[in-house]
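Scroll down for the structure; my scribbles are underneath it.
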Amino acid sequence: MSKKTETSVSSETLARSETFENVKAAFKDQMRAHAIYNLMARIAEKEDNRLVRKIYRETAKQELTHAEVLGEFLQTEDRTSTVPVECAFPVQNTTEGNLEGSISAEHEDRDSYKKYAKIARKEGFDELGYIFEGLSEAENYHGARFDTLLRILDRSFEEDAHGWRCLKCGWVSDPERPSGCQVCESGENYFMPLGFEDAINSMLSGKE
């Protein structure tokens, strides 16, 4: 990512630019994602999937932070822009379906923000170019995490797993995935493959 530089262009000049329209589009994307990911977290919770629930909640907070940063640029010297937010992003009734949609959405945003960054720099808004580059990287990270969760959920990697750990109490089952925990009786959704522990521990490192 390029080094951040300050722009001397006024907010009124920004309001007449293509970059301003891109800021509004990105703001809508992030507000929509914030709301929808919280809904998806509730669906994961109903399925007793602790890890997916946590990641959706965490990602929703990050998307809200992105929207707050972008929102600062929607205020000109004499007015605040009105940005309608449509929730057309479909919420499925299963976590697996939601993860598939989330991966696609994050990759789409990643590519859009790369394009927005180039336009911003071309128009002289280096600070926004810097921000859009960062947003693109963040969305790429989100997509990668959702992809890992989907692989865990659909068991596409199970033949490579050499053991399973219960996320609630730490009990390890070796080598086949258990239907429940021998110690705390948690269901199979609480079990994660030992080969994915680094990625999972990273996902679980923050607070609920």
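The values are calculated or read from the model by the stated rules, or taken from the named source; none is laboratory data. Source: prediction; values computed, not measured. Cβ atoms come from the backbone with ideal geometry, glycine included; neighbour counts cover every protein chain shown.
The numbered conditions (1) under 23 Å from residue 56 (Cα atoms); (2) hydrophobic (A, V, I, L, M, F, W, C); (3) not assigned by TED's automatic domain parsing to the domain that holds residue 73 are all true for residue 184 except (1).
Would you check which residues across the stretch 9-44 are farther than 21 Å from residue 134 by Cβ and either at pLDDT below 90 or among the hydrophobic types (A, V, I, L, M, F, W, C) (or both) and list them? Correct list: 10, 12, 13, 15, 16, 35, 36, 39, 40, 41, 43, 44.
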